[in-house]
Amino acid sequence: MKKSLDTQLIDAARRAPGISFVNAKALIRNWLAFVAHEVAAGQKVVVPGFGVFYPASSKAHAVRDINTGERIELPTKRRLGFRASTAQKWSDK
């Protein structure tokens with residue numbers, strides 16, 4: 001079974017000396033909540049060497065229901081965008 005992202009981050013954080021599971025869990029959950037709050041408020045969150053979280057939106061558009069063939073209009077949606085830093089993009093090579 002694949003672990004969720006927050007579980008993977010908590011496991012990675014608690015490997016640091018002096019960090020307990022409870023502290024690592026609180027750190028990661030608070031950081032994710034901070035990113036979500038800032039992006040929802042329309043702000044960018046820059047993590048140097050990792051990337052940028054930013055507010056984005058999808059345009060309103062029409063789709064077709066594959067079962068009935070009916071045309072459905074989807075409204076504009078707000079979403080979370082992420083752009084990896086240059087250092088992160090090329091770290092695998």
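The values are calculated or read from the model by the stated rules, or taken from the named source; none is laboratory data. The shown structure was predicted, so the numbers you read here are calculated from the model rather than taken from an experiment. Please note: Cβ atoms are built from the backbone with ideal geometry, for glycine as well, and neighbour counts cover all protein chains shown. Heavy atoms of the whole protein, side chains included, go into the accessibility calculation; ligands, DNA and RNA do not. Shrake-Rupley method; radii C 1.70, N 1.55, O 1.52, S 1.80 Å.
Here the simple spin-label model places points 7 Å from the Cα toward Cβ, and for V35 and S57 these points are separated by 2.3 nm. For the chain, the longest principal axis of the alpha carbon atoms and the long axis of helix 21-40 meet at an angle near 40°. Model label sites at L5 and N23, defined 7 Å from Cα along the beta-carbon direction, differ in position by 2.6 nm. Mind checking which aspartates and glutamates have their C-alpha under 13 Å from K25, skipping anything on the same chain fewer than 8 residues away? Answer for K25, where 13 Å is the Cα cut-off: D6, D11, listed by chain and number.
Our helix-only sum for the chain, with -39,500 (n - 2.57) per DSSP H run of n ≥ 4 divided by its residues, gives a mean residue ellipticity at 222 nm of -11000 deg cm²/dmol.
Using a 1.4 angstrom probe on heavy atoms only, work out the carbon and sulfur share of the accessible area of the chain in %. Numbers along the way, then the final one.
Details: 4350 of 7470 Å².
That fraction is 58 percent.
Net charge near A12, counting Lys/Arg +1 and Asp/Glu -1 over other residues with Cβ under 15 Å of its Cβ?
On the way: positive: K3, R14, R15, K25, R29; negative: D6, D11.
Once all neighbours under 15 Å are counted, the net charge is +3.
Can you list the GluC sites (Glu not before Pro) in segment 37-81 that are in a DSSP coil and have 12 or fewer other beta carbons within 10 angstrom?
E70
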